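The values are calculated or read from the model by the stated rules, or taken from the named source; none is laboratory data. The structure displayed is predicted, hence computed values, not measured ones. We place every Cβ from the backbone using ideal geometry, glycine too, and count neighbours over all the protein chains shown. SASA here: full protein model, heavy atoms, side chains in, ligands and nucleic acids out. Shrake-Rupley method; radii C 1.70, N 1.55, O 1.52, S 1.80 Å.
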Amino acid sequence: QKEVEQDPGPLSVPEGAIVSLNCTYSNSAFQYFMWYRQYSRKGPELLMYTYSSGNKEDGRFTAQVDKSSKYISLFIRDSQPSDSATYLCAMSDFFSNYQLIWGAGTKLIIKP
Amino acid sequence: DGGITQSPKYLFRKEGQNVTLSCEQNLNHDAMYWYRQDPGQGLRLIYYSQIVNDFQKGDIAEGYSVSREKKESFPLTVTSAQKNPTAFYLCASSTPISIKTPGSYNEQFFGPGTRLTVL
């Protein structure tokens, strides 16, 4: 079993829909939870990060962490075609927060 | 403009050849990383360096080598010992990772990647 599980998709939704992307993990020591966005043939870029539990909102994006269930989510409201990309979750513990454990990435397609 | 550059964008290797991938950053970051990305898999850490003249193996270092002679540069050599090198290679850098304050995360900034194909 992988330490971080993420459905690779593709996930195809119409423009304007609310998108939910998820990752589950097994290591209870993880405290840093990141979402990176990767456009085709490009390097990933950090979208959001959350420390420990709770929610974090930034514009149309909301990151949610449920440590009791070992489950994290990224919600995208009013999705746009420009949101079409692969979304990677990554996480780490406090002592090695440079050694990220990555999900496989979910390919998201927003249809105009 | 500050950022990370990788070259070449595409690289083709023949069996038995060593090839070197370039990574340069002008963000004044101490830490640099090399990752490999395969379809359907997450990023896997090959090597990382926290400071000049020092580097550590990641999860999949076999068949790879690195050097860190300058702060700005962290080249990766894919040797002939790497049996399945076809992949997308990503270089990243971050601010010093020795500072451990609860809640702080040293964001990793990525380059555009090099796609390596074995012929």
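From A:69, A:84, A:40, grab the single residue that is more than 25 Å from residue B:88 (Cα to Cα) and among the polar types (S, T, N, Q).
When all the criteria are applied, what remains is A:69.
Is it the case that some residue within the stretch B:37-50 is within 9 Å of chain A (Cβ to nearest Cβ) and of a type in the set (A, V, I, L, M, F, W, C)?
Yes: one or more hits.
Consider residue A:81 carefully, then state whether it is loosely packed, with under 14 Cβ neighbours inside 10 Å, touching a strand residue (DSSP E or B) at 6+ places or on another chain (Cβ under 6 Å) and in contact (Cβ under 8 Å) with a residue 12 or more places away in the chain. Give the derivation first.
Numbers: loosely packed, with under 14 Cβ neighbours inside 10 Å: yes; touching a strand residue (DSSP E or B) at 6+ places or on another chain (Cβ under 6 Å): yes; in contact (Cβ under 8 Å) with a residue 12 or more places away in the chain: yes.
So residue A:81 fits the description; yes.
Hey, among A:70, A:2, A:56, which residue is among the basic types (Lys, Arg) and closer than 17 Å to residue B:43 by Cα?
The conditions single out A:2.
Of the residues in the stretch A:38-73, how many are more than 11 Å from the chain's Cα centre (by Cα), among the polar types (S, T, N, Q) and open to solvent by 60 Å² or more (accessible area, probe 1.4 Å)?
5
Which residues, counting only those in the stretch A:3-26, are open to solvent by 30 Å² or more (accessible area, probe 1.4 Å) and either among the small types (Gly, Ala, Ser) or within 14 Å of chain B (Cβ to nearest Cβ) (or both)?
Passing the criteria: A:3, A:5, A:7, A:8, A:9, A:10, A:12, A:16, A:20, A:24, A:26.
Looking only at the stretch B:9-24, which residues are under 13 Å from the mean Cα position of the chain (by Cα) and either within 22 Å of residue A:40 (Cα to Cα) or at pLDDT below 95 (or both)?
B:21, B:22, B:23, B:24
One residue is enough: does the stretch B:92-100 have a residue meeting the conditions in contact with a Ser or Thr (Cβ under 9 Å, 6 or more places away or on another chain) and under 20 Å from residue A:33 (Cβ atoms)?
yes
Hey, any hits in the stretch A:65-82 for a residue that's closer than 28 Å to residue B:115 by Cα and at pLDDT 95 or above?
Yes: one or more hits.
Does residue A:31 fit the bill of being in contact (Cβ under 8 Å) with a residue 40 or more places away in the chain, farther than 20 Å from residue A:84 by Cβ, touching a Ser or Thr at 6+ places or on another chain (Cβ under 8 Å) and surrounded by 19 or more Cβ atoms within 10 Å (Cβ to Cβ)?
Here the answer is yes, as residue A:31 does meet what is asked.
Can you spot a residue in the stretch B:6-23 that is of a type in the set (Phe, Trp, Tyr), in contact with a Lys or Arg (Cβ under 9 Å, 6 or more places away or on another chain), more than 26 Å from residue A:30 (Cβ to Cβ) and more than 9 Å from every other protein chain (Cβ to nearest Cβ)?
yes
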